[in-house]
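Chemist: Here it is: the structure, laid out below.
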Amino acid sequence: MKKILLLGGSLQQIEAIQTAKRQGLYTVLCDYLEDNPGQYYADRFYPVSTTDREAVLEVARKEKADYIIAYASDPAAPTAAYVAEQMHMPGNPFRSVEILCDKEKFRDFQRKNGFFAPEGSAYSDVKEVLRDIENGRFVFPIIAKPVDSSGSKGVGKIEKVSDAEAKLANALLFSRKGRIIVEEMVDTCGRQIVGDGLSVNGKLVFSYFADHHFDEKCENPFVPVSGSFPCSLSGEMLGRVNGEIQRLLTMLDMRTSAYNFEVRTDSNQNIFLMETAPRNGGNFIPEVIKYSCGLDLIECCVRGAMGEEITFDSCIEPKGFYAYYVIHSTRDGILDRVEIDPEVRKKHIIQEYIITRPGENVYAFTGANRVIETLLMKFENMGQMQHMMEHSEEWVKVMLREGTASKRIDQGKEGV
């Protein structure tokens with residue numbers, strides 16, 4: 001039996017393990033969290049950090065793994081590429097994956113190769129950033145983010161000098177490399193779009209985009225709470241977005257791979273590829289896409305990792321209106337219950353992933369690691385979908401008990 005090494009065993013990574021098993025593979029899992037749920041689905045589990053390349057390589061050699069995959073995990077993607085190169089497995093160039101997974105390297109690559117990118121610089125010292133701010137290097141508002149984190153953890157918007165030091169220090173806290181990138185905000189025209197894609201032998205053969213939705217009441221308003229499919233961007237603009245993505249993939253010599261994209265367009269219709277991550281999206285985006293247009297991106301991802309040919313109907317069309325919605329809290333506390341309108345549950349919710357149970361701690365929504373539940377939902381039309389994603393307070397409420405949650409640990413060194 002062929003073996004596949006999977007990096008990460010969170011709730012949303014279980015489907016990749018199950019898909020690999022359906023492909024007849026023996027599944028070996030690495031995750032630094034010893035209580036991860038994925039270990040109960042994999043054939044063998046190692047409590048090894050997915051960002052420790054040499055340790056994962058040692059596991060791969062010990063198990064004589066044939067394939068490797070980092071499903072829905074930015075921090076693990078370079079590890080997977082590194083191990084694949086070392087063991088001559090199917091995969092993408094390690095150098096290219098490193099560029100896509102490191103915001104500093106990605107922005108440098110974009111600027112050197114004629115892609116639109118926000119004005120900014122990378123730093124390892126908060127005082128150096130403060131000096132540049134005082135010297136007029138940036139125009140407010142600016143965004144600070146770790147160069148190597150994911151799930152919007154550590155991202156902060158700085159609108160005045162007095163906010164800068166605390167938000168810069170917080171961003172630095174989430175970087176494994178101890179580096180942050182500070183950028184001027186893109187003058188976005190319309191919504192930021194998010195989506196997944198697939199390249200086969202370097203050709204972008206599929207992409208599907210959603211509108212991103214955010215909760216301005218959150219401590220970190222840059223963590224998306226929803227993605228609604230299909231997106232509201234015009235067909236002409238989507239064609240241009242796909243053209244820029246293809247140009248990027250060609251220049252990086254990417255091969256067969258899944259991707260997660262975040263894209264913005266400005267008032268001049270310039271296209272900013274904010275993120276092009278060489279892995280499937282989090283928040284169960286591949287599952288939503290499967291409902292929305294029928295393509296199983298998780299199966300494609302596993303088969304790609306196996307070096308198998310991937311073929312599908314090139315005329316895939318949207319079959320309706322679907323979204324994910326992340327139930328979250330705007331403050332710390334102890335969860336009492338989540339109240340969802342019965343009609344919404346009956347008519348719109350098609351799948352529910354519960355992460356936090358009553359009596360457990362919940363924390364203010366500052367990153368993808370603070371999710372209470374994730375809902376997969378369907379709608380009758382675009383207008384209904386957009387309204388419900390923008391006005392979730394009308395149909396869902398998070399009720400907290402009296403009491404104080406235990407001290408939270410904000411430092412997120414790896415994971416989805």
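The values are calculated or read from the model by the stated rules, or taken from the named source; none is laboratory data. Since the model is a prediction, treat every value here as computed from it, not as a measurement. Neighbour counts run over all protein chains shown; Cβ positions are idealised from the backbone, glycine included.
Chemist: Here are some residues: 164, 144. Which one is more than 30 Å from residue 306 (Cα to Cα) and either part of a helix (DSSP H, G or I) or in contact with a Ser or Thr (Cβ under 8 Å, 6 or more places away or on another chain) (or both)?
Modeler: Answer to the check: 164.
Chemist: Name the residue that is nearest to residue 225 (Cα to Cα), counting only residues in the range 388-402 that are surrounded by fewer than 18 Cβ atoms within 10 Å (Cβ to Cβ) and touching a strand residue (DSSP E or B) at 6+ places or on another chain (Cβ under 9 Å).
Modeler: If we take residues in the range 388-402 being surrounded by fewer than 18 Cβ atoms within 10 Å (Cβ to Cβ) and touching a strand residue (DSSP E or B) at 6+ places or on another chain (Cβ under 9 Å), then 390 is nearest to residue 225 (Cα to Cα).
Chemist: Now, a different point. Here is a list: 183, 216. Which entry is more than 19 Å from the chain's Cα centre (by Cα) and either farther than 27 Å from residue 156 by Cβ or crowded, with 17+ Cβ neighbours inside 10 Å (or both)?
Modeler: 183
Chemist: Please determine, by comparing only the residues of the range 12-26 that are over 11 Å from residue 72 (Cα atoms) and of a type in the set (A, V, I, L, M, F, W, C), which one is surrounded by the most Cβ atoms within 10 Å (Cβ to Cβ).
Modeler: 20
Chemist: For residues that are in a helix (DSSP H, G or I) and surrounded by fewer than 21 Cβ atoms within 10 Å (Cβ to Cβ), tally how many sit in the range 248-266.
Modeler: 2
Chemist: Another question, if that's okay. Is one or more of the residues making up the range 89-106 surrounded by 22 or more Cβ atoms within 10 Å (Cβ to Cβ), basic (Lys, Arg) and in contact (Cβ under 8 Å) with a residue 12 or more places away in the chain?
Modeler: Checked against the condition, which is being surrounded by 22 or more Cβ atoms within 10 Å (Cβ to Cβ), basic (Lys, Arg) and in contact (Cβ under 8 Å) with a residue 12 or more places away in the chain, the range 89-106 yields at least one hit.
Chemist: Does the range 312-358 hold any residues that are more than 25 Å from the chain's Cα centre (by Cα), within 20 Å of residue 196 (Cα to Cα) and touching a residue at least 40 places away in the same chain (Cβ under 8 Å), and which are they?
Modeler: If the condition is that a residue be more than 25 Å from the chain's Cα centre (by Cα), within 20 Å of residue 196 (Cα to Cα) and touching a residue at least 40 places away in the same chain (Cβ under 8 Å), then 314 is the only one that fits.
Chemist: Counting only residues that are among the aromatic types (Phe, Trp, Tyr) and over 16 Å from residue 275 (Cα atoms), how many does the range 195-216 have?
Modeler: 2
Chemist: Another one. Tell me, please, whether a residue that is surrounded by fewer than 17 Cβ atoms within 10 Å (Cβ to Cβ), modelled with pLDDT of 95 or more and not in a loop (DSSP other than H, G, I, E, B) can be found in the range 65-85.
Modeler: yes
Chemist: What do you reckon, is residue 269 among the polar types (S, T, N, Q), closer than 23 Å to residue 307 by Cα and more than 16 Å from the chain's Cα centre (by Cα)?
Modeler: No, not satisfied.
Chemist: While we're looking at this one, here's another question. Determine whether residue 150 is at pLDDT 95 or above and either aromatic (Phe, Trp, Tyr) or surrounded by 15 or more Cβ atoms within 10 Å (Cβ to Cβ) (or both).
Modeler: Answer is no for this residue.
Chemist: Between residues in the range 277-301 that are on the phi < 0 side of the Ramachandran plot and in a helix (DSSP H, G or I) and residues that are of a type in the set (Lys, Arg) and surrounded by 24 or more Cβ atoms within 10 Å (Cβ to Cβ), which pairs lie under 9 Å by C-beta distance while being six or more apart or on different chains?
Modeler: Listed by first residue and then by second, the contacts come to 301/279.
Chemist: Would you tally the residues in the range 177-204 being under 20 Å from residue 222 (Cβ atoms) and not in a strand (DSSP E or B)?
Modeler: The qualifying residues number 8.
Every residue, every condition in (1) touching a residue at least 24 places away in the same chain (Cβ under 8 Å); (2) within 25 Å of residue 114 (Cβ to Cβ), yes or no:
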site: 199; (1), (2): yes, yes
site: 208; (1), (2): yes, no
site: 214; (1), (2): no, no
site: 237; (1), (2): yes, yes
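Chemist: When the range 12-31 is examined, which residues are found to be of a type outside the set (Val, Ile, Thr) and part of a helix (DSSP H, G or I)?
Modeler: Residues satisfying the conditions are 12, 13, 15, 16, 18, 20, 21, 22.
Chemist: Which number in (1) closer than 30 Å to residue 93 by Cα; (2) in contact with a Gly (Cβ under 8 Å, 6 or more places away or on another chain); (3) hydroxyl-bearing (Ser, Thr, Tyr) marks the one condition that residue 232 misses?
Modeler: (1)
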